[in-house]
1. On the basis of being basic (Lys, Arg) and closer than 27 Å to C:Asp250 by Cα, does D:Arg271 make the cut?
2. I'm checking my understanding of the structure. Among residues of region C:241-261 that are of a type in the set (A, V, I, L, M) and within 11 Å of chain B (Cβ to nearest Cβ), which one is farthest from C:Thr219 (Cα to Cα)?
3. Of these, D:Val373, D:Val333, D:Val353, which one is away from chain C (no Cβ under 14 Å), open to solvent by less than 10 Å² (accessible area, probe 1.4 Å), in contact with a Leu (Cβ under 7 Å, 6 or more places away or on another chain) and modelled with pLDDT of 90 or more?
4. Give the residue, chosen from C:Ala150, C:Ala160, C:Ala217, C:Ala132, that is open to solvent by less than 30 Å² (accessible area, probe 1.4 Å), out of contact with any Lys or Arg (no Cβ under 9 Å at 6 or more places or on another chain), modelled with pLDDT of 85 or more and within 14 Å of chain B (Cβ to nearest Cβ).
5. Picking from D:Trp260, D:Trp225, which residue would you name as being surrounded by fewer than 24 Cβ atoms within 10 Å (Cβ to Cβ) and not in a loop (DSSP other than H, G, I, E, B)?
6. I need the helices (runs of 4 or more DSSP H) fully contained in region B:1-94, keeping only those with at least 3 residues that are out of contact with any helix residue (DSSP H, G or I) (no Cβ under 6 Å at 6 or more places or on another chain).
7. For the subset of region C:266-277 comprising residues that are open to solvent by less than 10 Å² (accessible area, probe 1.4 Å) and out of contact with any Leu (no Cβ under 6 Å at 6 or more places or on another chain), which member is modelled with the highest pLDDT?
8. Take the residues in region D:263-274 that are away from chain B (no Cβ under 13 Å) and touching a residue at least 12 places away in the same chain (Cβ under 8 Å); name whichever of them is surrounded by the fewest Cβ atoms within 10 Å (Cβ to Cβ).
Amino acid sequence: MTIPNTGEILLDVQGLRKYFPITKGIFRRTVGHVKAVENVSFQVRKGETLGVVGESGCGKTTMGLSIMHLIQPSQGTIRLHTDGGWTEVNAQSIRRLRDKMQIVFQDPFSSLDPRMRIRDIVAEPLQAHGMKNRRQRYEQVEKLLDAVGLGSHHMNRFPHEFSGGQRQRIGIARALSLNPSLVVCDEPVSALDVSVQAQVLNLLHDLQEEFGLTYLFIAHDLSVVQHISDRVAVMYLGRIVEMGEVDSLFSRPKHPYTEALLSAIPDPDPDVVGEQIILQGDVPSPANPPPGCHFHPRCLYAQERCRQEIPELLDIDGQGHFAACHYTQELSLTGVSAGETA
Amino acid sequence: MITYIARRLLFLPVVLIGVTLMIFVAMSFLSPYQLVSTYIKSPEELKNQSLDDLVRKYGLDQPVHVRYVNWMRNLFRGDLGYSVSANMPVAEAIARRFPATVELALFAIVPVILGGIWLGTISAKHYNRPLDHLSRTFAIVGWSLPDFVFGLILLMVFYGVLGWFPPGRLSMWADSIVLTGDFTRYTGLNTVDALLNGRPDIFWDAVRHLIAPVMTLAYLWWAYLLRITRSSMLEVMNKDYVRTARAKGLTEQVVMGRHVRRNALIPVATVSGSMVLGLLGGVVIVETVFDYKGLGLLTATGAQQLDYTLVLGTTLFYGLLLVLINLVVDVLYAVIDPRVRLE
Amino acid sequence: MVMKKLLRNPLSMIGLLLLLGFILVAVFAPWIAPTSEMYANDPYRVPRYGWGNNPEPPSSEHPMGLTQGKYDIFYGVVWGTRTAFLVGLIVTGLSCIIGIVIGSTSAYIGGKFDEVVMRFVDVFMSFPFLIAAIVITTILGRGLDKVIIALVIFRWTGYARLIRGNVLQVKQEEYIMAAQAGGVSHRKILIRHVLPNTIFPVLIQASMNMGSIVVTASTLSFLGLGAPEGHADWGQMISFARNWILGTPDNPVAYWYTVVWPGLAIVLFVLSWNLIGDAFRDIMDPRIQG
Amino acid sequence: MKTKVFSLIVLLLTLSLSVSVFAFDPETFVYVGGAGGPQTLDPAAAYDTASGEVIHHVYDNLFEYVGGDLDKIGPMLALEVPTVANGLMSEDGRTIRVPIRQGVKFHDGSELTAEDVKYSFVRGMLADPAGGPMWMFFEPLLGVQTMRDVIAMAGGPSDFAEIDEVDPAILRKAYDLIDATIEVDGNDIVFHLVDPYPPFINILAKGGSWSSIISKEWMAAQGDWDGNPDTWAKWYDLALEEMTLYDKANGTGPFRLDTWDKSGAQILLSRFDEYWRGPAQLKSAVIKNIPEFSTRLLMLRAGDADGIYVGQQELPQVRSIPNVAVVEGLPQVTNTVLFFSFTIPIEGNEDLVGSGKLDGNGIPSDFFADINVRKGFSYAFDFEAYLNEVALGAGEIPKGPFPQSLPYVNTDQEYFTHDLNKAAEYFKQAFDGEVWEKGFKVGIVYNTGNDARKTALEILEYNIERINPKFQVEVIGLEWATVLDRLRSASLPVFVMGWLMDFPDTHNFAVPFMHSSGTFAGFCGQGLIDLAKEQFDELIAAGIKATDPAEREKIYFELQKQYVDLAVGMPFMEATTHRVMRDWVEGFEYCPAYSAQYDLYYISKVQK
């Protein structure tokens, strides 16, 4: 486990919001919004991995895509530290910034164009960024494939000739082709078999060291995040409810939701019978979130105050462990020890 | 769903304005003296006539936009203008001729659908075997034949040789009854009116005149329905539940009838709407060959004589019809297939 | 692979052979039916052998006989092959291109733009095709080029709708976003990723339409709006037969040759395209892969 | 299987039911015409043959041709034919008295009076719908062409947009001018002509829809003009469908109008039992229109139609049908002419005139102003081939602009023949040899759908291109609307058009073909107009005013000679016509003046 790099900040996200309008009626009047991402602020340090977890539909993928400007954020500023200065990521600058920020997609089956050869898929960003010489491009592709553990003999094949894990490697090679500083990994292993998951995670880890990458690693599963992340942010209904160093968050969760998620991690030791917290009810609709703390209807510890007041995300211990819970100081929540899970 | 319908209806005027605007744009390519040809239909009528007087009289020298505004103004007063080629107001011409086309379409749709499904079923059942090839070739030949050729051949055989199915909508004797006051024309559909008036003889006469054009139309459309039925049946036949049914030992007839055909017909039902539209709008040739006085023939002749008031009126009407029928089809689709939701 | 499947199926095999035959006839038309002295400068004009109106049965000089107006049927059928390909290819090509460009752009851009474009398409689709074609050819005048224009104006919408639906689906795929993330321009994404993944059904549809265009053109000829009289065009040859299909009272098939030869040409031509297209669909349609 | 057998039985039953036994109806006559029904049934507005088809049977005229002979005029609603000999016509031919038959009944039961006769003509002239036939009365009675001219005579403007703009006093004066030309004198009616007009009686005779006699009282009862001198303008130049007689009729003819079933494109007529000559034999008649020839043909074969319209070119197909009678070679007064435009606009006309220069790739604007070019074209045409192969012998080669069946036509006039050597000679002289040397390229035009005319042009093309390989002629078919448009600007270098007489007089051909204000001069460019003004106009005016037949003959012979000498146009066909009917039709009478295909009054059906 790498020691978190406390150095400079690479990505700075402030007040990010992404609303999808709900239209109704003959004239498609906007009657409300699905607040997929609501006022999210965080920073990612250079070289670290920030894991983002949450149940499906909590807005984590939307957040990732918004940061990449693959969907237009509704509000907020995203800044990227490049070449010793800050650049705001917006619709105008994004084209220039593509080589600094890349993304690895969730579904290795849909993220590769079935009608293109591997070499062209991986080389495409190179071409788009002005590498005119085809030979050079293919040489580069060969190196990249090599780096992700594929051989040059794969270059002329089509995606359907590969397994899921191999495809994800191709996706990673593509993301790395421009030599980015930030890579958003949008649930890169969730579609893979468990056996393959570890391989890909290890690959990502190795690549991070080799290329000095910074990851924003999105997953719906805490166990996946635990290994690769330096810090973890937990999202619930479009908001970050807890964020902190991975050890601190896992061992001393400060939010009941995190606690519930942690309790769901299966323990490899069959003798240890952890008490699993079953979350009550479904995730409420982000179009119509409950008042107060969005988590209160499912929270074991909910009080009257939770029904009325939205808790702020505050640094609880002064050392960068944030949580958004009114009673975080009062509650004593159960975590897991860092080495406990596989 | 109501919102969906309302939304679609809201776009109706947009489409209709677009349609009429396009005709006016097309018309702006015409000179006043070309438009005069509506009034002087052939060189033989070119007597001691001053073309300029006619241009002035019918306002053909006005710019197109002025005419469009005038036309629109009249339209809002419910006046579609007067058709020179039909010798009557456009609205009346549509009201008189459309029922004929509807009658033809209604009578045609039954054999078209039944025959098409039948052929499609045969093809699917005998997938890639001689019977499949045979029925598909048969249908494609129908589709490849220009309809006037097939229509004229039918006319020759069934009227010229056998004397069974004459052209027109009614025989002379029936026509004279229908045109007199004793016969009430409720719908304009001769068959329906005949039954309502208690005249089975006229009903039979009307049916007799419908058979040959209906046959022509049916043969034309079979290929289309065969194609859809066949592929959707093949799709369903590969489904697990059909295999299960077979595995259960159900007879082929039961499997086909109960499981395959019923499910395969959903796409067929949805194309029927567009077929009705095609039949309503595309029967010009059949109407010409069989002297069947319907709206298609009227519009086609009108268009050839540059009778633009008529063309405007009928395209407006067709546009309306198209939007409405498509809407109905969409709604029906949603009703038939629970998987479809209207946005 | 597709070709192999096509060759294995007897129907598509026949279709391919027929099409090949037509291509050969079109290519070698000047040798099969040498241009007559009469209209040496315009080989597409069918030579007349007399000024009269009545058809004449096949003879050694005119193997398929003379149709109404004493036009040589054999010559018309042979050179008509070229016209058929010409009209079919141009109409299909142009309307395909227009439809694909408008339909895919509209779907790719989406939103209000898509809405506006689709209403525009609705307007075009609200005309009954034949009526619209009559209006256009009446305004523009008679001639093959006018027929082509009329056909293109009212054919592209079908392709536009078809490809739009496909693009809307493909647009959701992650590889499109991946390309975007890679900094590829929208235009390139459309051309390199969206179109190759959506265009096939459109092309098959288009090939199916090749045949029916010839039929439609003949219908326009029937209405007096097709190719100029005497131009080598099957549609016109067959519309020349309209008055003779009835034959004489004692011999209903007295003028069989006026309708059979050009009719056969049209039917076989359409048939060949449809057989191939049909087989293509079967091959490409994942739903009926048993 | 059972269901299949059952459905088969049902089908067979249906079929057997549908086979109706053919019923011969001896009292109904069915005529099926070609494309296009009547435009209007108003005699003052109708100018197309389909209208005449109906008007002929519903209305009567003052005179008629006896036995279809255009030279023999007899009384109809008149009691006597006015001549100088019987004193009803003045010596100078300008005053014509017509005694009106008494006891004639209109279909509504009212009786015909002289007042009705006057009303018929006055009302027609006052209404003068644009494009109508009323010029035939303005010319002899007032020496002008239209009601606008009369208003101008009365001191008003002639280019008004709406008649309300004209001072009512002037309108009244215009009315008076017209009123004065026709006078009711007891049971007689007196026409006052501005100049002698020999064919005036012809204009009034049966066959001319425009001189149908209508009922004044009935018109007033329908809300139409009642004869008030100050209100007539309300009915001036209305749109066809706004006129009272558009689809209504009340005449004295042998048939009354039952229904004009417009949506079914058919007209039903029924016998008028109180017809003054006694009722017709037929009880009713149906006039239908079916554009598709095959359909018509089958109806004739089946006996569902008693007579059908058959084009000249389709005639061979009906000749051999059993039980069908084809009457051929019926004379017509008509002429089909190849016209040349003397002054062709170049701009926007490139499809026909090419480069617009005499450089082998086009023709100059004044190409056909050169008489040698016109003669070259005329001698190149193969008249015989057209007559025998295209027209199948049905007609004659003309001797000039006037059909030979008319009086005052020189049948010995020397005329063009098919002679390529002569044609070459003239082409060599044209433009001082430049035409021959450089060649030319010209588009010659027919209106699409007219195969015979197309073939005529192709014959010309074939022959001219044989004369000199540098001569290029392209036969171009244009839509009728476009032809009309381009005719107006005289843009068609060469075009073919026919003229069917209004009334059987040479004058009726001299004006359209040769007068500077005639129909065709306008289409043939300023060059021809100038030529006509200089050479023809005076002769034509003299020809119509002359009352002495010998003098008229001299004038028209001269006009004919000049036309041919100058090769103004190339008349190439005087077509005869034909009728096709079932052989059970009896009593077929033919008169070239009739626009109706059959005179139903004389017809009966007798099953053989």
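The values are calculated or read from the model by the stated rules, or taken from the named source; none is laboratory data. Quick caveat: nothing in here was measured; it's all calculated off a predicted structure. Glycine also receives a Cβ, built like all others from the backbone with ideal geometry; neighbour counts cover every protein chain displayed. These accessible areas exclude ligands, DNA and RNA; they are computed on the full protein's heavy atoms, side chains included. Shrake-Rupley method; radii C 1.70, N 1.55, O 1.52, S 1.80 Å.
1. Working: basic (Lys, Arg): yes; closer than 27 Å to C:Asp250 by Cα: no.
Spelling it out, it is not the case that D:Arg271 is basic (Lys, Arg) and closer than 27 Å to C:Asp250 by Cα.
2. So the residue we want is C:Val253.
3. On inspection, the qualifying residue turns out to be D:Val333.
4. C:Ala150
5. So the residue among D:Trp260, D:Trp225 that is surrounded by fewer than 24 Cβ atoms within 10 Å (Cβ to Cβ) and not in a loop (DSSP other than H, G, I, E, B) is D:Trp260.
6. Answer list for region B:1-94: B:2-10, B:12-27, B:51-57, B:64-76.
7. Filtering first and then ranking leaves C:Phe269.
8. Out of the qualifying residues, it is D:Glu274.
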